[in-house]
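What follows is one structure encoded as structure tokens, with my remarks underneath.
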Amino acid sequence: MSTLYKAAELVKTKSNDRKSKDKRINKQRVMMLSSRGVTFRYRHLLTDLESLMPHSKKDAKLDTKNNLYILNELADLNNCNNAVFFEVRKKQDLYVWMAKTPNGPSVKFHLQNLHTMDELKMTGNCLKGSRHILSFDKTFDSAPHWGLLKELLGQVFNVPKGSRRSKPFVDHVLSFSIVDNKVWFRNYQIVEKTPANTPGFNPLVDKEDISLVEIGPRFCLTPIRIFEGSFGGPTVFENPEFVHPNFVRQSLRKDKLQKYSIRQRNNLERESRLAMAEESRETEASDRRVFQ
């Protein structure tokens with residue numbers, strides 16, 4: 001009797017182990033947070049990305065902008081192996097860090113041309129928590145640093161099968177395209193023609209017809225540097241075409257100052273011409289009484 005009891009207990013423990021064993025291969029989790037001084041538009045973008053990535057976990061704001069190696073410890077505490085950090089400078093420039101914690105690599109982007117979901121008000125829609133398809137431009141295979149960015153973006157934005165808060169549906173596409181050495185991000189809904197949304201639906205013709213409708217958000221990422229470590233380390237790639245936004249604003253201020261100086265010089269020249277004309281009228285050579 002005891003032998004039968006032990007055999008039953010052994011079968012029960014094996015079945016429990018089989019149920020509790022995690023069969024997932026892809027176990028990516030992303031920690032998302034921002035620095036102090038973030039504006040409302042950047043905060044809305046962080047919320048939009050969190051809704052698109054059900055495998056992400058949002059953390060509190062980070063007080064420091066210098067000691068970024070602390071983010072490795074925060075990611076370890078949150079049981080995350082990826083990190084996305086929004087670093088805001090002067091309350092107008094947004095730099096996006098993406099890193100594989102704790103060993104790297106990591107990349108620093110400058111984010112521009114931002115339009116959140118609330119600003120766009122597109123007609124596209126998708127299920128919250130659904131998985132998406134990642135679409136990369138063929139230019140990502142043209143250079144080693146683009147290939148590295150493709151792998152990093154894929155591991156950050158790819159939603160693992162069976163992750164928390166995810167739903168077993170695929171109804172939208174995340175597109176990454178390279179134009180002018182910048183990464184352009186778009187989010188599209190996959191729309192299939194059905195009798196409900198297509199008048200005059202023909203199952204023989206319209207069955208395989210699929211279209212894309214943009215959802216949002218949309219933004220542009222300019223790579224600045226790629227580091228070997230996580231949030232630091234030796235530089236693997238540096239973008240020689242990147243111009244710091246401070247230099248852009250400085251050149252604009254210089255142009256305005258040059259316009260002002262040209263206008264002031266023209267005013268002085270005009271006043272001098274008027275003064276010389278007034279003096280020439282008052283000379284004896286121009287006085288009509290000389291010829292009387």
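The values are calculated or read from the model by the stated rules, or taken from the named source; none is laboratory data. Quick caveat: nothing in here was measured; it's all calculated off a predicted structure. Cβ sites come from the backbone with ideal geometry, for glycine too, and all protein chains shown count toward neighbours. All accessible areas refer to the heavy atoms of the entire protein, side chains included, with ligands and DNA or RNA removed. Shrake-Rupley method; radii C 1.70, N 1.55, O 1.52, S 1.80 Å.
Note on Arg253 and Arg89: with the Förster distance fixed at 25 Å, the Cβ-Cβ geometry gives a FRET efficiency of about 0.90.
State whether region 155-264 is rounded, prolate or oblate according to the following rule on the C-alpha gyration tensor (a ≥ b ≥ c being the square roots of its eigenvalues): a/c under 1.5 gives rounded; otherwise a/b larger than b/c gives prolate, and the remaining case gives oblate.
Details: a/c = 3.85, a/b = 1.77, b/c = 2.18.
It is oblate, given that a/c is not under 1.5 and a/b is not larger than b/c.
Using θ = phi - 60° in the Karplus curve 6.51 cos²θ - 1.76 cosθ + 1.60, the 3J(HN,Hα) couplings for region 238-248 round to 10, 7, x, 8, 6, 10, 5, x, 5, 5, 5 Hz; x is entered for Gly and Pro. Summing +1 for each Lys or Arg and -1 for each Asp or Glu, what net charge is found among the other residues whose Cβ lies under 11 Å from the Cβ of Pro102? Computed value for this residue: -1.
Charge tally for Lys167 (other residues, Cβ to Cβ under 15 Å; Lys, Arg +1; Asp, Glu -1): +4. In this simple spin-label approximation, Lys27 and Tyr69 carry label points 7 Å from Cα along the Cα→Cβ vector, and these lie 2.6 nm apart.
Just to confirm my numbers, what's the Cα centroid distance between region 118-140 and region 175-254 in Å? Value for the Cα centre distance between the two parts: 9 Å. Annotation for Asp137 and Lys161: the two label points, set 7 Å from Cα along the Cα-Cβ direction, are 3.1 nm apart.
About the Cα centre, and with charges only on the beta carbon of Lys, Arg (+1) and Asp, Glu (-1), how big is the dipole of region 206-286? Nearest 20 debye, please.
I would put it at about 360 debye.
Taking a Cβ cut-off of under 12 Å around Pro245, the surrounding Lys, Arg, Asp and Glu residues balance to a net charge of +2, with basic ones at +1 and acidic ones at -1. Of the solvent-accessible surface of region 150-241, computed with a 1.4 Å probe and all protein chains present, 54% belongs to carbon and sulfur.
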